[in-house]
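Contents: one structure, followed by commentary.
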Amino acid sequence: MNPQHKEQIRAVLKEHARLTKDIATLTDDADLYQAGMTSHASVNVMLGLEGAFEIEFPDHMLKRSVFESVQAIATAIAELTKG
Amino acid sequence: MSATDYDAGKFYDGLVKHRLILPTGVAGAFGRGPVFEDVLERFNRLVDQLAVDDKAEAVTYPPIINREILEQVEYLDSFPQLAGVVHSFMGKELKARELSARVKAGEPWGEFFEQTAVALTPAACYPVYPTLRGTLPSGGRTVSLTSWVFRHEPSPEPTRMQAFRCRELIRVGSTDDVVKWRDTWLQRGVDLLTALGLPAKSDVASDPFFGRGGRMMAVNQIDQKLKFEVLVPVISVDNPTAVCSFNFHQDKFAAKYDIKTADGEMANTACLGFGLERCVMALFQTHGFDPGLWPREVRSRLWP
C-alpha cells in the first residue's frame, strides 16, 4: 500500500465527507458514517476520489462498505491501481 | 380474467377504448374517466378503513410545494431528472409582446420565464415534515393525505405517469415505533390487495436516484432495507409494477426539521404511499375493463 494514498484519501474526506469531527482525530479504521458522513456526502467522496486518483469505481464497488473507513477506501483504491 | 396478456400497448389501448383514461396528446398526462375515478375513490376509502386505528390527522395540500423544501431535503441531489419547478412570466408589457411574437413564430420562449417560489410536489409527504418541527406528543404523530404528485418521466407505458395521486400516511416517533408501524402497514398493504384478488408480493426496493452516485445511494438503501414495495403484475408478469411503497427515513427529515420525541430524542420518520392510479390499473388488468364483470368478492369490497 502506498502510504501517500491514505494522506490523499484523508484530503478528499476533509473536502467532501462533511464529517462532524476533524478527520485528523479519526483512525484509519474509524466508521465514517458514524462520524457524520451522509449518503449524499459519500457520493461526493466517491466522485472526489475518482478525480484525485484518476480512477473509476466499477459498479460492484459502489456500495456503502467500500467507503466506510479510510482503510476500506485504501483497500479499494489499491485494488483499482495495482498492476 | 385478465384484461390483456400483460402487454403495455394493448393495456393502454384498452383503457382508452373503455374511456377509463382520456389521452391529452402528452405521454403520461392522460385524464381519468368517471368509472376509473369511481374505482379510485372506493379503493382510497378501503385505505381509510385500514387506517382507522391510526387516528391520523387528515391534511390536504395543493399539488405545489415551497421550493425551499426541495432544496432542504436534497431532492435536487437525489432526483434532479424528475423535478418539475414552476416558472412564470414576470416581465413588463414590451417583454410580453416579444414573448407573444416568439410563440406565434413557433420559436422557443422558455427564457422569458423566471423561477417562482414553488415547485410541483414530487412526493405527497414532503409538505408535512416542516410542520412537525418541535417536540412530539408521547406516542408520536400520524398524518394522512392524498395528493397529486409530479415526476418528469414521460412514457407511453400507462403505469408510468407524469402526474398521479398518492395516498400517504406519515408516522413520526421513536425508531422502534416507526419501524414497527411500517412493517405492520407493509402486511396490511399486501392483505388489502390480496383481498381484492390481486397477486401482490412485497420486496425490498430502491428509489431511482440520479447518476452513478445514485447507484451507490440505491445500493445503500437496499443494504439497509429502508424501502419496501408491494408489487402486482400490470404490464408484465416478470417485472411486476410497484403499487405501494413503505419507506423508513431514519432521522433524515427529523434532523433537518428538528423533530424530537416526547423524551427529547431525535425522532425518526416513515411514510407509506399507495399509488392510487396504479392500484386501480392493477384491478383493471387483473379483472378486466368492465367492473360490472369483476368477481363478486372483489365487487363486494369496493361496492359494499
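The values are calculated or read from the model by the stated rules, or taken from the named source; none is laboratory data. Since the model is a prediction, treat every value here as computed from it, not as a measurement. Cβ atoms come from the backbone with ideal geometry, glycine included; neighbour counts cover every protein chain shown.
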Practice task
Working carefully through the options B:127, B:137, find the one that is crowded, with 17+ Cβ neighbours inside 10 Å and either assigned to a loop (DSSP other than H, G, I, E, B) or in contact with a helix residue (DSSP H, G or I) (Cβ under 8 Å, 6 or more places away or on another chain) (or both).
Solution key: B:127
Exercise for the section: Looking only at segment B:1-37, count how many residues are surrounded by 17 or more Cβ atoms within 10 Å (Cβ to Cβ) and in a strand (DSSP E or B). Expected result: 2
Practice task
Could you tell me which residue of segment B:191-218 is farthest from the other protein chains (Cβ to nearest Cβ), considering only residues that are among the aliphatic types (A, V, I, L, M) and crowded, with 21+ Cβ neighbours inside 10 Å?
Solution key: B:196
Exercise for the section: Show the residue pairs that are 6+ apart or on different chains and have beta-carbon atoms under 7 Å apart, the first residue being within segment B:187-216 and in contact (Cβ under 8 Å) with a residue 40 or more places away in the chain, the second being of a type in the set (Ser, Thr, Tyr) and exposed (fewer than 14 other Cβ atoms within 10 Å of the Cβ). Expected result: none
Exercise for the section: With the condition kept exactly as written, say whether any residue in segment B:140-149 is over 22 Å from the mean Cα position of the chain (by Cα), in the same structural domain as residue B:249 (by TED's automatic domain parsing) and either in contact (Cβ under 8 Å) with a residue 24 or more places away in the chain or part of a helix (DSSP H, G or I) (or both). Expected result: yes
Problem - Number of the exception - residue B:222 against (1) buried (at least 20 other Cβ atoms within 10 Å of the Cβ); (2) under 29 Å from residue B:81 (Cα atoms) - result: (1)
Problem - Scan of segment B:54-79 for residues that are in contact with a strand residue (DSSP E or B) (Cβ under 6 Å, 6 or more places away or on another chain) and in a helix (DSSP H, G or I), ordered by number - result: B:54, B:67, B:70
Fill in the blank from the handout: Of all helices (runs of 4 or more DSSP H) fully inside chain A, the set with 3 or more residues that are within 11 Å of chain B (Cβ to nearest Cβ) is A:39-53
Practice task
Run residue A:39 past the list (1) surrounded by 17 or more Cβ atoms within 10 Å (Cβ to Cβ); (2) under 12 Å from the mean Cα position of the chain (by Cα) and report the number of the one that doesn't hold.
Solution key: (2)
Problem - Residues that are in contact with a strand residue (DSSP E or B) (Cβ under 6 Å, 6 or more places away or on another chain) and under 22 Å from residue B:60 (Cα atoms), drawn from segment B:80-121 - result: B:84, B:85, B:86, B:116, B:118, B:119, B:120, B:121
